[in-house]
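Have a look at the structure below before the remarks.
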Amino acid sequence: MSKGGKTISEKIIEAHVGHPVKPGDLIITPVDGVMATDTTAPLALKAFKAMNGKSVFDKDKVILVLDHAVPPPNERIANLHRLMRIFAKEQEIKLFEIGEGICHQVMVEHQYVKPGDIFIGADSHTPTYGALNAFACGVGSTDLAATMMTGKIWLKVPESIKIVCNGKLQAGVSAKDLILHLVGQLTISGATYQAIEFEGEAFEGMTLASRMTIANMVAEMGGKTGIVNPKGLELDYDYEPIYPDKDADYKKIFKFDVSNLEPQIAAPPSPDKVENISTTEGTKIDYAFIGTCCNGRLEDLQAAAEVLKGKRIKDGVRFMIAPASKSTLLDAMNDGTLQTLIEAGASIITPGCGPCVGTHQGVPGDDEVVISAANRNFRGRMGNPNSNIYLAAPATVAASALTGEITNPKNV
Amino acid sequence: MVYVYGNNIDTDRIIPGKYTKTLDLSTLADHVLEDLDPSFSKNVQVGDIIVAGENFGCGSSREQAPIAIKQSGVSVVIAEDFARIFFRNAINIGLPVLEIGKHDIQIGAEIKYDLKSGEVHDLTANKKYTAVKLPQIMIDILEEGGLVAYLKKNKTYNLS
Ligand code: SF4
């Protein structure tokens, strides 16, 4: 029986459609922003033209980002980039150039998405903006084209599930360890079609960057969106936080005490094969990677630098870092983080998705083992189906680069 | 021919990211399911069927995944259930998908299906399944032949 209260998702949707909604309702809602990348935009632009799209619904709300294959590794991709530039110019819309950063990072940094918004991105990690108390969903290229043209999208109002995490994380245990743990508990299909709400002490003290790491991996649970309760969220601007009603209806409520959580590892080939680090410690690694929309922000690079300060990574290990954005790169340069990391043996790649999706830059070799701060480790994810990818927090990746084997950062 | 795969077949296995950056969509079929079943793209024939377990198409939002399957000639994907973005993408590009819940369809089974009624008949095991009904707007989109044709005609979305 419905108790009448509303979840955060329901409140945001109602504010957009102007009438009460309940889970399962089909709605057509206006959107506050639309974004596509160099993986999804070329097909979207083709579909937009095929739909007889003449101009985008609002020049200030449609954004293109070059991030997945930057700089372009070949003429084919260079020409897809060119296509996007031409379209952006024609339509007078914003295009983030090569090296500006990963789509999700630049949307948040440049405030294209704000609390209370409904945002549609042609990328599966669009729920990342749930960190900002926004309702954000990923779609494919044709849906995106339709939204660019109409300014609207059809959605089924999702059921919500709540994940409550009580207790404070121990020092050295990060948002990534927490979300890996939750993905392991809920599994890769645990939230399919549903909206997640994260709530509890463990989230309240988190920075925006950490909250983005949490909401980012909603995609790895199949969620439509995932919103972190705004309690404790500090932004550079004023905003109206949206909290759920006390009598809101949740399909399920999960409760965890996370005060004793140790660093977590997701073993190949799925982000939900999550184990305590003590189970995998000692596994030899060839290659360490820090970056992505999950963990390429300043606090992630700082966590790695803290582990590596004054030390050198193990001979024979390679260590790649792709900052999430140009401003992350600049900040890490200005506060000395970058120097520490480079002196420790890291190579710095152009801000963007880097090796995350296996298009270019740092593809692993056969039988090689990667430890990565990314969000996905499916077979072939980084471009070679004969390699194995372990997912971990940035501090764990750095500690493992140091020793050449999966290592708890507490022990270095 | 009916190909049967397991649970959580992700989009990286349906079409690896390295092949997605193209507008020459026919090339996608050469690599479809490459890291899962390397012989699939060589053997697949027009009208073949893919049957899978839960959460088919999880992972990335790449529309190249259902396009690659459609380009390969596969006529329908039948699964216990689908990942959300894959499901929308498939309908939008006109690849039929049927969500039938738990099943025990085996490799090589002979299958008959009807998209309108959602009925799936496993003739080999003599078992029948009924697919979950689509929301009306998806039926409208499918009937137009995909979202491009739907919007070309209607200019905007309508809830009928
Ligand atoms: S960093 Fe990786 S997961 Fe994030 S948008 Fe880029 S390719 Fe996708």
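Can you give me the ranges of the strands (runs of 3 or more DSSP E) entirely in the stretch A:96-197 with at least 3 residues that are modelled with pLDDT of 95 or more and over 19 Å from the mean Cα position of the chain (by Cα)? Steps first, please.
Details: elements: A:118-122, A:135-138, A:152-156, A:160-166.
So the answer is A:152-156, A:160-166.
Just to be sure I understand, how many residues within the stretch B:50-63 are out of contact with any Gly (no Cβ under 8 Å at 6 or more places or on another chain) and either part of a loop (DSSP other than H, G, I, E, B) or more than 12 Å from residue B:95 (Cβ to Cβ) (or both)? Even if it seems obvious, please write down each step before you answer.
At the first step, the residues of the stretch B:50-63 found to be out of contact with any Gly (no Cβ under 8 Å at 6 or more places or on another chain) are B:50-51, B:54, B:56-57, B:59.
From what's left, either part of a loop (DSSP other than H, G, I, E, B) or more than 12 Å from residue B:95 (Cβ to Cβ) (or both): B:51, B:54, B:57, B:59.
Within the stretch B:50-63, residues that are out of contact with any Gly (no Cβ under 8 Å at 6 or more places or on another chain) and either part of a loop (DSSP other than H, G, I, E, B) or more than 12 Å from residue B:95 (Cβ to Cβ) (or both) number 4.
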Being within 16 Å of the ligand (Cβ to nearest atom) and in contact with a strand residue (DSSP E or B) (Cβ under 7 Å, 6 or more places away or on another chain) is the filter here; which residues of the stretch A:35-66 pass it?
A:35, A:36, A:37, A:40, A:41, A:44, A:63, A:64, A:65, A:66
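Name every residue in the stretch A:289-319 that is outside any loop (DSSP other than H, G, I, E, B), among the hydrophobic types (A, V, I, L, M, F, W, C) and more than 13 Å from the ligand (Cβ to nearest atom), in order of residue number. Don't jump to the end; show me each part of the working.
Residues of the stretch A:289-319 that are outside any loop (DSSP other than H, G, I, E, B), as a first pass: A:289-295, A:298-308, A:318-319.
With among the hydrophobic types (A, V, I, L, M, F, W, C) added as a condition, the list becomes A:289-290, A:293-294, A:298, A:301, A:303-305, A:307-308, A:319.
Selection gives A:298, A:301, A:303, A:304, A:305, A:307, A:308, A:319.
How many residues does the stretch B:122-134 contain that are surrounded by fewer than 16 Cβ atoms within 10 Å (Cβ to Cβ) and either within 14 Å of another protein chain (Cβ to nearest Cβ) or within 18 Å of residue B:75 (Cα to Cα) (or both)? Talk me through it step by step, then tell me what you get.
Step one: filter the stretch B:122-134 for residues surrounded by fewer than 16 Cβ atoms within 10 Å (Cβ to Cβ), giving B:123-128, B:130, B:132-133.
Then keep just the ones that are either within 14 Å of another protein chain (Cβ to nearest Cβ) or within 18 Å of residue B:75 (Cα to Cα) (or both); that gives B:123, B:130, B:132-133.
Looking only at that region, the number is 4.
May I ask you to say which residue of B:100, B:105 is surrounded by fewer than 24 Cβ atoms within 10 Å (Cβ to Cβ), in contact with an Asp or Glu (Cβ under 6 Å, 6 or more places away or on another chain) and away from chain A (no Cβ under 11 Å)? Even if it seems obvious, please write down each step before you answer.
Values: B:100 fails: in contact with an Asp or Glu (Cβ under 6 Å, 6 or more places away or on another chain).
None of the other options fit; the residue is B:105.
Mind telling me which of the residues A:115, A:30 ends up being within 12 Å of chain B (Cβ to nearest Cβ) and away from the ligand (no atom under 16 Å from the Cβ)?
Numbers: A:115 fails: within 12 Å of chain B (Cβ to nearest Cβ).
So the residue among A:115, A:30 that is within 12 Å of chain B (Cβ to nearest Cβ) and away from the ligand (no atom under 16 Å from the Cβ) is A:30.
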Flag if residue A:143 is crowded, with 24+ Cβ neighbours inside 10 Å, within 11 Å of chain B (Cβ to nearest Cβ) and more than 16 Å from the ligand (Cβ to nearest atom)
yes
Please work out which residue is surrounded by the fewest Cβ atoms within 10 Å (Cβ to Cβ), limiting yourself to the stretch A:219-232 and to residues that are in contact with a helix residue (DSSP H, G or I) (Cβ under 7 Å, 6 or more places away or on another chain) and within 18 Å of residue A:11 (Cβ to Cβ).
A:231
Among the residues of the stretch A:198-218 satisfying the criterion of being out of contact with any helix residue (DSSP H, G or I) (no Cβ under 7 Å at 6 or more places or on another chain) and either within 14 Å of chain B (Cβ to nearest Cβ) or in a loop (DSSP other than H, G, I, E, B) (or both), which is surrounded by the fewest Cβ atoms within 10 Å (Cβ to Cβ)?
A:205
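Just checking, which of A:290, A:242 is in contact (Cβ under 8 Å) with a residue 40 or more places away in the chain, in the same structural domain as residue A:313 (by TED's automatic domain parsing) and either at negative phi or touching an Asp or Glu at 6+ places or on another chain (Cβ under 7 Å) (or both)? So that I can check it myself, show each step before the final result.
Values: A:242 fails: in the same structural domain as residue A:313 (by TED's automatic domain parsing).
Answer to the check: A:290.
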So residue A:359, is it polar (S, T, N, Q), within 16 Å of the ligand (Cβ to nearest atom) and in a helix (DSSP H, G or I)
no
Can you tell me which condition residue A:351 does not meet? The list is (1) within 15 Å of residue A:298 (Cα to Cα); (2) assigned to a helix (DSSP H, G or I); (3) in contact (Cβ under 8 Å) with a residue 24 or more places away in the chain, and all the others hold.
(2)
When the stretch B:30-61 is examined, which residues are found to be surrounded by 19 or more Cβ atoms within 10 Å (Cβ to Cβ) and out of contact with any strand residue (DSSP E or B) (no Cβ under 9 Å at 6 or more places or on another chain)?
B:31, B:32, B:34, B:35
Within the stretch B:1-27, how many residues turn out to be over 14 Å from the mean Cα position of the chain (by Cα), of a type in the set (A, V, I, L, M) and away from chain A (no Cβ under 11 Å)?
1
For the stretch B:21-43, indicate whether the set of residues that are part of a helix (DSSP H, G or I), within 16 Å of the ligand (Cβ to nearest atom) and aromatic (Phe, Trp, Tyr) is non-empty.
no
What are the residues in the stretch A:55-74 that are assigned to a loop (DSSP other than H, G, I, E, B) and away from chain B (no Cβ under 11 Å), if any?
A:55, A:56, A:58, A:59, A:60, A:61, A:66, A:67, A:70, A:71
Select from the stretch A:320-336 the residues that are within 16 Å of the ligand (Cβ to nearest atom) and in a loop (DSSP other than H, G, I, E, B) and write down the one among them that is farthest from the other protein chains (Cβ to nearest Cβ).
A:323
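The values are calculated or read from the model by the stated rules, or taken from the named source; none is laboratory data. This one's a predicted model, so the numbers in the text were calculated from it and none came from an experiment. FYI the Cβ positions are ideal-geometry reconstructions off the backbone, even for glycines, and counts take in every protein chain you see.
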